[in-house]
Amino acid sequence: AITTNEALHEVKQHLTDVRYTHTLGVRDTALALAKQYGADESKAELAAILHDICKYHDVQTMQDIVRNKLHEPHWGEYGNELLHAPCGAYFAEHQLGVKDKDILLAIRFHTTGRAGMGLLEKVLFVADYIEPNRRFPGVEQARKLAEESLDAACCFALRQTMFLLLDRKQLIHPETVSAYNAFYKQKG
Ligand code: DGI
Ligand code: FE
Ligand code: FE
Ligand code: FE
């Protein structure tokens with residue numbers, strides 16, 4: 001399996017400096033959250049390092065992957081921003097030999113979330129949202145929530161993302177809605 005150092009070396013070649021700095025922030029935050037909430041720290045670290053590996057990959061190539069390799073064209077029908085998540089998981093599995101299902105799921109759903117997210121998925125989802133280089137209104141509240149409840153932080157991030165998408169008149173992926181509904185059903 002790929003080591004964390006090999007993974008860092010690999011992702012650096014695919015990312016801008018700013019995006020690489022974000023990735024290091026996600027790694028540190030994912031490690032802290034994994035420790036706090038009892039997730040596997042080495043899985044959290046590798047998932048975090050690799051999560052945005054396809055962020056700057058060619059859109060046409062990624063459209064081709066979600067249609068013809070994953071047979072899940074819906075990823076490309078709700079906005080190009082979503083493609084890097086399932087394609088990142090595909091890249092990690094097929095180019096880097098990552099076999100761990102939890103890591104692959106965490107990368108795959110790091111942008112939309114999904115109903116019934118596992119612990120590692122939640123850790124990466126929240127870490128991506130609150131890592132120290134993130135600056136947006138509400139990030140401080142998200143960081144506070146994450147200290148008390150991983151689920152509360154996930155809910156908050158999903159709500160804020162949907163507000164943002166509505167505001168920008170962008171499509172909301174069904175997994176984003178399902179993830180939101182699942183958290184709120186659970187809370188009642
Ligand atoms: O890759 P990052 O910037 O670190 O973060 P990310 O993978 O969470 O991507 C965030 C972007 O994805 C942001 O511009 C909002 C967008 N996004 C998240 N959920 C949805 C979405 N875009 C659409 N169209 N629909 C969604 O459901
Ligand atoms: Fe991302
Ligand atoms: Fe995110
Ligand atoms: Fe990210």
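Every number in this text was worked out from the coordinates using simple rules, so none of it is lab data. Note that the structure is a prediction, hence the values are computed from the model and not measured. Neighbour counts are summed over all protein chains in view; Cβ atoms, including those assigned to glycine, are modelled from backbone coordinates with ideal geometry.
A few comments on the model shown:
- Among the residues of the range 33-47, those identified as in a helix (DSSP H, G or I) and surrounded by fewer than 18 Cβ atoms within 10 Å (Cβ to Cβ) are 35, 36, 37, 41, 42.
- For the range 8-31, a residue qualifies if it is within 15 Å of the chain's Cα centre (by Cα), farther than 21 Å from residue 140 by Cβ and within 11 Å of ligand 1 (Cβ to nearest atom), and the qualifying residues are 19, 23.
- Residue 81 vs. criteria within 16 Å of ligand 4 (Cβ to nearest atom), surrounded by 22 or more Cβ atoms within 10 Å (Cβ to Cβ), within 15 Å of the chain's Cα centre (by Cα) and under 18 Å from residue 177 (Cβ atoms): no
- Among the residues of this structure, residue 98 does not count as one that is crowded, with 20+ Cβ neighbours inside 10 Å and within 16 Å of ligand 4 (Cβ to nearest atom).
- Criterion violated by residue 87 - all others in (1) in contact with a Cys (Cβ under 6 Å, 6 or more places away or on another chain); (2) farther than 22 Å from residue 12 by Cα satisfied: (2)
- Test: residue 124 is more than 15 Å from ligand 1 (Cβ to nearest atom), aliphatic (A, V, I, L, M), assigned to a helix (DSSP H, G or I) and touching a helix residue (DSSP H, G or I) at 6+ places or on another chain (Cβ under 6 Å): no
- Qualifying positions in the range 108-132 - closer than 15 Å to residue 19 by Cβ and either out of contact with any Ser or Thr (no Cβ under 6 Å at 6 or more places or on another chain) or among the β-branched types (Val, Ile, Thr) (or both): 110, 111, 128, 132
- Top-ranked residue of the range 48-61 - restricted to ones that are closer than 22 Å to residue 121 by Cα and assigned to a helix (DSSP H, G or I), ranked as farthest from ligand 2 (Cβ to nearest atom): 49
- Selection of first residues in the range 144-167 that are over 11 Å from residue 180 (Cβ atoms) and of second residues that are of a type in the set (Val, Ile, Thr) and not in a helix (DSSP H, G or I), restricted to Cβ pairs under 7 Å at least 6 apart or on distinct chains, gives the following pairs, ordered by first then second residue: 165/172.
- The range 32-68: number of residues that are away from ligand 1 (no atom under 16 Å from the Cβ), touching a residue at least 24 places away in the same chain (Cβ under 8 Å) and of a type in the set (Lys, Arg): 1
- Looking at 152, 115, 157, just one residue is surrounded by fewer than 17 Cβ atoms within 10 Å (Cβ to Cβ) and in contact with a helix residue (DSSP H, G or I) (Cβ under 7 Å, 6 or more places away or on another chain), and that residue is 115.
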